[in-house]
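The values are calculated or read from the model by the stated rules, or taken from the named source; none is laboratory data. Please read all numbers here as calculations on a predicted model, not as lab measurements. Counting neighbours? That spans all protein chains shown, and the Cβs are built from the backbone with ideal geometry, glycine included.
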């Protein structure tokens, strides 16, 4: 992975390159990532640059034996650690080394745009609690006590380090504070509040900012030749800088449109019901039919629908309080929100609260048919 292929700001790349040029690389760095960012790719690009045999001022060469090994994530001085658990092939005492090839294939297949949920699906461990465990920490300590294979830097990338098991974390403290020479530890996480302060205090913070709407739009148009500029723009706006989310929205565009249609029908019905309009305008049977379709689609789709409704409420709040520039909406969504413009701050706040409760109960495996029906009447009460 070369810097030119990493989807982060040029300013951040230059910041890391300056550290190398000025020989002031911190031996332990904490990459504070944003959801859907290219943080793992950036870590590998930095490690590849340090080990490259013919680096330029701005990037690794990409052709030397070292770079070719990095392209396959098989360089002997690149050590990858990640949350792991028992699988069909690893029945007992799992660690990152046993699942290393599966993880490398997962990373390369997804072009380094990886997230924890997708990795859980890969492991078939959605109902487990994968962690970077004490066996991983022992392996790190043992590897760091040996010289590098190629005579240069040894890089340890700990992805989702917030899942470093609490009993294992203390074992790494001394190694992070006083590693062997030419060692680089890169810890990656989106949740710094879940990491021990004693771990964070031994690292240098590197913030990876969200992609701007313009950057994400350009990335989508490069990755998806068949996408038009308008669609890429709409997806970028509602993805909030999350590349993975943007790609998911593109792949599920039909489902997204259906959910937005359902939301519009629900809100039109609610407004009519709250204002005591004729029963034909309320058209509640149609709403129930759409709810039934959502229930059939599975729990993740159910949560996605409520999450979409919550996002629309947030944007409505921004629009109706004079902060329309902060609203992240497509042209279609803006039209729907315009029909709800008479809702005030109290209405929106109460409705958002009910939606959050519904999302919680769905996540806790409640009966979604009952939850959505109950949600409808509670939202109507909020509007009244």
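Worth a mention:
- For segment 2-25, filtered to residues that are within 22 Å of residue 247 (Cβ to Cβ) and at pLDDT below 90, the residue that is surrounded by the fewest Cβ atoms within 10 Å (Cβ to Cβ) is 9.
- Filter result for residue 332 (within 24 Å of the chain's Cα centre (by Cα) and either crowded, with 18+ Cβ neighbours inside 10 Å or part of a helix (DSSP H, G or I) (or both)): no
- The listed residues are 7, 73, 17, and the only one of them that is in a loop (DSSP other than H, G, I, E, B), in contact (Cβ under 8 Å) with a residue 24 or more places away in the chain and out of contact with any strand residue (DSSP E or B) (no Cβ under 8 Å at 6 or more places or on another chain) turns out to be 7.
- Residue match in segment 52-59 (condition: more than 24 Å from the chain's Cα centre (by Cα), closer than 24 Å to residue 177 by Cβ and in a loop (DSSP other than H, G, I, E, B)): no
- A single member of 350, 303 is assigned to a helix (DSSP H, G or I), within 30 Å of residue 214 (Cα to Cα) and touching a helix residue (DSSP H, G or I) at 6+ places or on another chain (Cβ under 6 Å), and it is 303.
- Subset of segment 177-206 [under 15 Å from the mean Cα position of the chain (by Cα), surrounded by fewer than 19 Cβ atoms within 10 Å (Cβ to Cβ) and not in a loop (DSSP other than H, G, I, E, B)]: 192
- Scope segment 237-255; condition touching a residue at least 40 places away in the same chain (Cβ under 8 Å) and either within 18 Å of residue 289 (Cα to Cα) or assigned to a helix (DSSP H, G or I) (or both); matching residues: 237, 238, 239, 243, 244, 245, 246, 247, 255
- Checking 379, 372, 355 one by one, the residue that is in contact (Cβ under 8 Å) with a residue 12 or more places away in the chain, closer than 23 Å to residue 240 by Cβ, out of contact with any strand residue (DSSP E or B) (no Cβ under 6 Å at 6 or more places or on another chain) and in a helix (DSSP H, G or I) is 355 and no other.
- Within segment 130-161, being surrounded by fewer than 21 Cβ atoms within 10 Å (Cβ to Cβ), touching a strand residue (DSSP E or B) at 6+ places or on another chain (Cβ under 9 Å) and within 15 Å of residue 199 (Cβ to Cβ) holds for one residue alone: 131.
- Selected residue (only one of 297, 288, 302 is modelled with pLDDT of 90 or more and either more than 22 Å from residue 337 (Cβ to Cβ) or not assigned by TED's automatic domain parsing to the domain that holds residue 375 (or both)): 288
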